[in-house]
Amino acid sequence: MELLPLVCLCLLSCSGDGSVVVTVEEGSDAMLPCSINTKENIEKLTFDWKKGGLEVFFYQNGKHYNNGGRTGQDKQFQGRVFHFEDELKHGNASIKISRTQLTDSGNYACTFPPNRSPSSVTLHVGAAPRPSVTILNGTKDWVLLQCEAHGDPLPTVEWKDSDNNTLNADSPQISERRGRSYITVNVTVTKTGSYSCVATQGTLSHQIGSQIYVPLAGQWYLNIQTIIHGF
C-alpha cells in the first residue's frame with residue numbers, strides 16, 4: 001500500500017495553459033498529480049492515465065495493473081507505476097513512476113470517464129543533479145577548481161564567486177561515459193572565499209549549484225604538502 005509522500009522529490013510548476021510540469025532527475029521517482037476538485041471518494045470509480053497512445057495506469061473499482069485485476073499496461077511502465085490507495089477516498093488519483101527513465105518524458109493525461117475533463121501533466125526526466133566540485137591542484141598563490149555536471153539536455157555551467165560574479169573559466173570540455181554526456185569546467189582562483197558552480201538547463205527552467213570554500217592559498221598549499229610529504 002502506497003502512502004502519499006509528505007515531500008515530493010521533484011520540481012512542480014505550471015505551464016502557460018495551466019497544465020502541470022514535473023521535472024525530475026533520471027532514476028528518481030516522479031509523482032504525477034491528478035484529483036477531483038470535490039474530493040469525493042473514487043474507490044469505486046474509474047480513472048485512466050495515458051501517455052499519448054500508451055497505457056500507463058488504469059484503475060476501475062479496486063482493480064488495476066499491480067493486483068492482477070487488469071491487463072494491457074505498456075511494457076515501458078510495468079512494475080514502475082503505483083497509485084496512492086489511501087488517498088482514493090479523498091478523490092486523489094495521482095500516480096508515482098519509480099526509477100524514471102529518459103523515455104518517460106512526455107505528456108500525460110489523467111481521465112475520469114465519463115464527462116470529466118482530463119488533467120494534463122508534462123514530465124521532464126533529465127534534470128541535472130547537483131554538480132560535483134573538487135580542488136584539482138594549486139600553489140601558494142592559486143587553486144585550480146573543477147566542476148562536472150550532467151543532465152538531459154546537457155546543462156551550461158558557470159563558476160561564480162561569493163558576490164555572484166561570473167568568473168572567467170576555461171572552455172567547457174564534453175566527455176562521454178557509459179552512454180551519458182558530462183560537461184567539465186575548470187577555473188583558477190587566487191583569493192580566499194566561497195565559490196559556486198551553477199548548472200543551468202534553460203529549456204527545463206532548472207538550475208542547481210554546488211559550493212566549495214577555498215581557504216588562504218598559502219594555508220591550503222601547506223596542508224596539501226603535509227599530506228603528501230608527511231611533514
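Once you sort the root eigenvalues of the Cα gyration tensor of segment 151-206 as a ≥ b ≥ c, which label holds: rounded (a/c under 1.5), prolate (a/b larger than b/c) or oblate (the other case)?
Working: a/c = 2.96, a/b = 1.62, b/c = 1.83.
It comes out oblate by the Cα gyration axes.
Nothing charged except the Cβ atoms of Lys and Arg (+1) and of Asp and Glu (-1): what's the magnitude of the dipole of segment 11-125 about its Cα centre? Round to the nearest 20 debye. All intermediate terms of the calculation are to be shown ahead of the outcome.
On the way: 12 positive and 13 negative charges, 62 e Å.
Approximately 300 debye in magnitude.
If the limit is 18 Å between Cα atoms, which of Lys140/Lys191; Lys44/Lys75; Lys51/Lys89; Lys50/Lys75 go over it?
Values: Lys140/Lys191 11 Å; Lys44/Lys75 26 Å; Lys51/Lys89 25 Å; Lys50/Lys75 13 Å.
Pairs exceeding the cut-off: Lys44/Lys75; Lys51/Lys89.
Between Thr203 and Arg99, what FRET efficiency follows from the Cβ-Cβ distance if R0 is 25 Å, with the result rounded to 0.05? List each step's numbers first, then the result.
On the way: r = 23 Å, r/R0 = 0.93.
Efficiency at R0 = 25 Å is approximately 0.60.
State the Cα centre-to-centre distance between segment 142-199 and segment 99-141 in whole Å.
Each part reduced to its Cα centre gives a spacing of 21 Å.
What percent does the relative contact order of segment 132-229 come to when contacts are Cα pairs within less than 8 Å and at least six residues apart?
31 percent
Could you work out how much longer the chain between Asn164 and Arg116 gets when fully extended? Use 0.36 nm per residue separation minus the Cα distance between them, nm to one decimal.
Details: separation 48, 0.36 × 48 = 17.28 nm, distance 4.84 nm.
In short, 12.4 nm is gained.
Pairs of alpha-carbon atoms within less than 8 angstrom and 6+ residues apart define the contacts here; what relative contact order does segment 11-125 have, in percent? All intermediate terms of the calculation are to be shown ahead of the outcome.
Numbers: 237 pairs, mean separation 39.8, N = 115.
Reported relative contact order: 35 percent.
So for the pair Val21, Thr139, with labels modelled 7 Å out along Cα→Cβ, what separation do we get in nm?
My value for the distance between the label points is 4.7 nm.
As I understand it, the dipole of segment 126-206 uses +1 on the Cβ of Lys and Arg and -1 on the Cβ of Asp and Glu, about the Cα centre. Which of Val189, Gly179, His206 lies farthest toward its positive end?
Gly179
Determine the equivalent ellipsoid of segment 11-125 by diagonalising the alpha-carbon gyration tensor, then write out the semi-axes as square roots of 5 times the eigenvalues, largest first, rounded to whole Å. Before the final figure, lay out each step's value.
Details: eigenvalues 85, 62, 31 Å².
Result for segment 11-125: semi-axes of 21, 18, 12 Å.
Only Cα pairs under 8 Å and at least 6 apart count here; give the relative contact order of segment 33-85 as a rounded whole percent.
Values: 51 pairs, mean separation 12.7, N = 53.
Across segment 33-85, relative contact order equals 24 percent.
Quick note: the coordinates plus some simple rules give every number you see, no bench work behind them. Predicted model only: the values in this text are computed from it and were never measured. With ideal geometry, Cβ positions are generated from the backbone for all residues, glycine too; neighbour counts draw on all protein chains shown.
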